[in-house]
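Let me begin by presenting the structure, written as structure tokens, before commenting on it.
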Amino acid sequence: MRFTATIHVRPKPEVRDPQGEAILGALNSLGLGVASVRTGKEFVVTFDAPDEAAARAATDTMGRELLANPVLEDPTVELEQIR
Amino acid sequence: MVRVAILRFPGTWSERDFEHALSLAGPAGSDSSEILWHADADLRGFDAAIVPGGFAYGDYVRAGAIARLSPAVKELRRFAAEGGPVLGSCNGFQILCEAGLLPGALTRNTGLEFRCDWVRMRVESDATPFTRGLRGDLLRMPIAHGEGRWVADQATVERVEREGLVVFRYVDGRGAATLEANPNGSLNNIAGLRNAAGNVVGLMPHPERCSEALLGGTDGLKVLRSLVGAVGTEPALVSA
């Protein structure tokens, strides 16, 4: 079975996000009244796995071993079977 | 003879500077450092390993994240577990944190700047091969980084302070760890750390870029001379 995982990685709520703060200031220079900006990354990964449980386990490994640093970030995963 | 391995990843840029600085650190002819390509680095027979600065793998994903999965880091883990001295500077410090060899993580500077400047640090621990006899000294070294803010959860911050794992702390000219002396927003002004055993040390500043008077300072040589003295006068920590 083939899956596509969309893995979002965001800084943990307690970790200061200077990039988000800079974007906040820039958006407010447009007069938009923005209250908060948090930045993150998105990874779209297509891969094969025998079933959904195995696919879910694989995305956990991807997040833990490479895509997110557990000190700084939390990953969230949307998993879709494409065939 | 002191044999130091200097690791090179795609994107490393400070390996030749370290090679040159090490040639100045010991008596003439005593240095035999070697630059090793990350894909097949073999640290057997080396007295110490250095992970230099740069942008390993372009800093893709996060600084040090892809390097963490390189064969060289696997070998580095083995070498460090056997007590081999390991020094990571700048991107090397980021890689050691990503690899879990040092606590916490390094992320974007507060203040929106890539900082390329000179900083002062106080040596807080001499329980490492890189800081023997230097405790309490104020060192002046250059930095060049955009992601040098050390962060960790509160329990880890308390642990590194309690266990004396802070090796270098950003301070002002009078030795005070002020907000102004902190170039990147690091928690507790932390510039460098060691592991519990003391053989693994990481710091954001660049000792290799202040190892001769021509470059504006020689404090980096103190760190490298400490290493040369440590591995040159004691039985090798790592079997060949």
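Before moving on, here are some points about what is shown:
- Residue in region A:24-31 that is polar (S, T, N, Q), free of Cβ contacts under 8 Å to residues at least 12 places away in the same chain and more than 14 Å from every other protein chain (Cβ to nearest Cβ) present: yes
- Region B:18-44 residues that are in contact (Cβ under 8 Å) with a residue 40 or more places away in the chain and closer than 19 Å to B:D219 by Cα, paired with ones that are assigned to a strand (DSSP E or B) and of a type in the set (D, E, K, R) (beta carbon under 7 Å, 6 or more apart): B:L22/B:D31; B:L24/B:E212; B:A25/B:D31
- Residues satisfying the stated conditions in region A:45-55, i.e. away from chain B (no Cβ under 14 Å), assigned to a strand (DSSP E or B) and either under 16 Å from A:V77 (Cβ atoms) or free of Cβ contacts under 8 Å to residues at least 24 places away in the same chain (or both): A:T46, A:F47
- Within the option set B:G92, B:G88, being under 15 Å from the mean Cα position of the chain (by Cα), over 29 Å from A:A22 (Cα atoms) and not in a loop (DSSP other than H, G, I, E, B) holds for one residue only, B:G88.
- When residues of region B:34-72 are limited to those that are part of a helix (DSSP H, G or I) and more than 20 Å from B:H145 (Cβ to Cβ), the one farthest from the other protein chains (Cβ to nearest Cβ): B:D40
- Residues that are within 14 Å of chain A (Cβ to nearest Cβ), under 15 Å from the mean Cα position of the chain (by Cα) and in contact (Cβ under 8 Å) with a residue 60 or more places away in the chain, drawn from region B:99-144: B:L101, B:L102, B:P103, B:G104, B:L106
- All positions within region A:57-81 that are part of a strand (DSSP E or B) and among the polar types (S, T, N, Q): A:T76, A:Q81
- In the set (1) more than 24 Å from B:T156 (Cα to Cα); (2) within 14 Å of chain B (Cβ to nearest Cβ); (3) out of contact with any strand residue (DSSP E or B) (no Cβ under 7 Å at 6 or more places or on another chain); (4) loosely packed, with under 12 Cβ neighbours inside 10 Å, A:G20 fails one condition alone, (4).
- Of the residues A:V77, A:V71, the single one that is more than 12 Å from chain B (Cβ to nearest Cβ) and either out of contact with any Phe, Trp or Tyr (no Cβ under 6 Å at 6 or more places or on another chain) or not aliphatic (A, V, I, L, M) (or both) is A:V77.
- Within region B:145-193, the residues that satisfy the criterion of being within 14 Å of chain A (Cβ to nearest Cβ), in contact with a Gly (Cβ under 7 Å, 6 or more places away or on another chain) and among the aliphatic types (A, V, I, L, M) are B:V151, B:A152, B:L193.
- Taking first residues from region B:198-218 that are free of Cβ contacts under 8 Å to residues at least 12 places away in the same chain and partners that are among the polar types (S, T, N, Q), the Cβ contacts under 7 Å between residues at least 6 apart in sequence or on separate chains come to B:T218/B:S211.
- The set of residues in region B:72-124 being acidic (D, E) and buried (at least 22 other Cβ atoms within 10 Å of the Cβ) consists of B:E98, B:E124.
No lab work stands behind these numbers, since they all come straight from the coordinates. Just so we're clear, the structure is a prediction, and the values are computed from it rather than from any experiment. Neighbour counts are summed over all protein chains in view; Cβ atoms, including those assigned to glycine, are modelled from backbone coordinates with ideal geometry.
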